[in-house]
Structures are given as structure tokens and as C-alpha cells.
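The values are calculated or read from the model by the stated rules, or taken from the named source; none is laboratory data. Keep in mind the model is a prediction, meaning the values are calculated, not measured. Cβ placement follows ideal geometry from the backbone for every residue including glycine, while neighbour counts extend to all protein chains displayed. Only protein heavy atoms, including side chains, enter the accessible area calculation; ligands, DNA and RNA are left aside. Shrake-Rupley method; radii C 1.70, N 1.55, O 1.52, S 1.80 Å.
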Amino acid sequence: MRTNRTFTMLKPDSVKQGNIGAILEKINASGFKIVAIKLTQLSKSDAENFYSTHKDLPFFEKLIEFIASGPIVTAILEKENAVEDFRLLIGSTNPGDAVEGTIRKMFASSMTQNAVHGSDSDENAAIESAFHFSKREIFE
Ligand code: CMP
């Protein structure tokens, strides 16, 4: 199923380094409309729930420590074929492999501090959006 929405987080490295504006500008310039947005911080328990599908992976603890370490920007983005197009825009999980011009190539420094998250499927986009936003925080 195709959807027109995906979910993103600008991770603590992006916020700390003052890259919120630059990343949002790139997202807008690539044709995504922001339909929900907030500055927030996850507790470790929130982060464990959000990333629960990764709980058995060796990097889980590092991932949780980092994502809960400071404020993040969460947003829901709208565009035709949003999930796939956004993953192309952000680039590979490992910034060393990311293509020139992608958000991770420009702003990420490691697999953990990789600047942004983007949902990997329509189903997860809906789950992750509902985790962070109530219905009245999402606009058309
Ligand atoms: P994200 O798109 O938020 O989804 C899961 C996160 O796990 C991913 O970005 C990375 O930050 C992290 N991750 C994935 N693979 C590894 C790895 N091999 N080592 C460390 N972190 C990883």
C-alpha cells in the first residue's frame, strides 16, 4: 500500500549542533509538507518502546542512550510516496555510505549519531506517528 505520510525525528545530534532549520529547509525543498511537528525529549523507557523492534540487536543500548540524551524534533511529513522518497532523501543508516546531497551525508557523523530517523514502512509510519502525536496535533 502506498501512503502519503511518513514520520521523522531530528535526533539529539541535529538539535545540539543547531541543524534543525537547515534540515527542515531541505525537507521542505524536497517537496514534503509538515503536517505535525514538536520539540520533545524521550525518556529511556519511551525510547525502548519506540525502538522495541530493535531490542535484541547488539547496538540497542547505545541507540537508547543516545536518542534519550537530549531534545529531538518529531514530525509527520506528507508527500506522494512519502516513506520511500524520504528514505532516499535521508540516505544510508551509515553516513559513510550515504550518497552526496542526502541529509545523513550532510549532517550525520556515525551510525548512532545519524542525524535523522525515517520510518521504514507505511505501517511503521502510522505506528510511530501515533506514538508521538495525538489526532488534534496533526493538520491537513
Ligand atoms: P534509525 O533510522 O533511527 O533506525 C534505527 C537506528 O539504529 C538507526 O537509525 C541507527 O541510528 C541505529 N543503528 C542501526 N544499525 C546500527 C549499527 N550497526 N550500529 C549502531 N547503530 C545502529
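Across the stretch 67-139 the C-alpha pair distances fall into 10 Å bins from zero in the proportions 19, 45, 32, 4 percent. Restricted to Cα atoms, the chain shows a radius of gyration and a Dmax of 13.9, 39 angstrom.
Go through the stretch 5-55 and name the trypsin sites (Lys or Arg not before Pro) that are in a DSSP coil and have 12 or fewer other Cβ atoms within 10 Å of their Cβ. Before the final figure, lay out the partial values.
Working: sites: 5, 16, 26, 33, 38, 44, 55; in loops: 55.
Of the trypsin sites (Lys or Arg not before Pro), the ones in loops of the stretch 5-55 whose Cβ has at most 12 other Cβ atoms within 10 Å are 55.
Average accessible surface for the chain: 54 Å² per residue, computed with a 1.4 Å probe over protein heavy atoms with every protein chain in place.
For residue 62 and residue 44 in one chain, what is 0.36 nm times their gap in residues minus the Cα-Cα distance, to one decimal in nm?
5.4 nm
How much of the accessible area of the stretch 5-137, probe 1.4 Å, is carbon plus sulfur, in whole percent? Carbon-and-sulfur percentage of accessible area, whole number: 50. Computed per residue of the chain from DSSP H runs no shorter than four, each worth -39500 (n - 2.57), the mean residue ellipticity at 222 nm is -10500 deg cm²/dmol. Remark: for residue pairs 26/55; 79/105; 11/55; 16/44, the C-alpha separation exceeds 25 Å in 26/55.
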